[in-house]
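Single-structure report; data block below.
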Amino acid sequence: MLWFLKPPCGRPLAEVLRSVLGNYDLSVEELPWYLAEQHGKETVKAALAALSTESLTVRELRSLKTLDYWLDGYPQMIGWLSGRPFDPPTGR
């Protein structure tokens, strides 16, 4: 829903990321894509890298890694929304 409505992100990126790490649904790829749209993909990746140096629970760390994973698919997502097949990132 965020991705399609594109409301402005009214909170600092680091604050948003910290607030979702504990309860992020790992299957929701639109959240990191929305954040990339609002702040830029590299800015979100840098914020995730900074958060990874903090003391995180196992759940938070898994959320952080999944958000980063979905960001790797961000360019393909634009094509997917245009009707082209989505080719998810591989590797991790």
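Computed from the coordinates by the stated procedures, all read-outs in this text should not be read as laboratory data. Please read these numbers as outputs of a predicted model, since none were measured by experiment. Cβ sites come from the backbone with ideal geometry, for glycine too, and all protein chains shown count toward neighbours.
Of all aspartates and glutamates in the structure, the ones whose alpha carbon falls short of 14 Å from that of Lys6, not counting any fewer than 8 places away in one chain, are Glu30, Glu37. With the biggest extent put first, the Cα atoms of the range 5-65 measure 31, 22, 17 Å across the principal axes.
Order these peptides, 36-45, 9-18, 50-59, by their mean beta-carbon neighbour count within 10 angstrom, highest first.
With the highest mean Cβ count within 10 Å placed first, the list reads 36-45, 9-18, 50-59.
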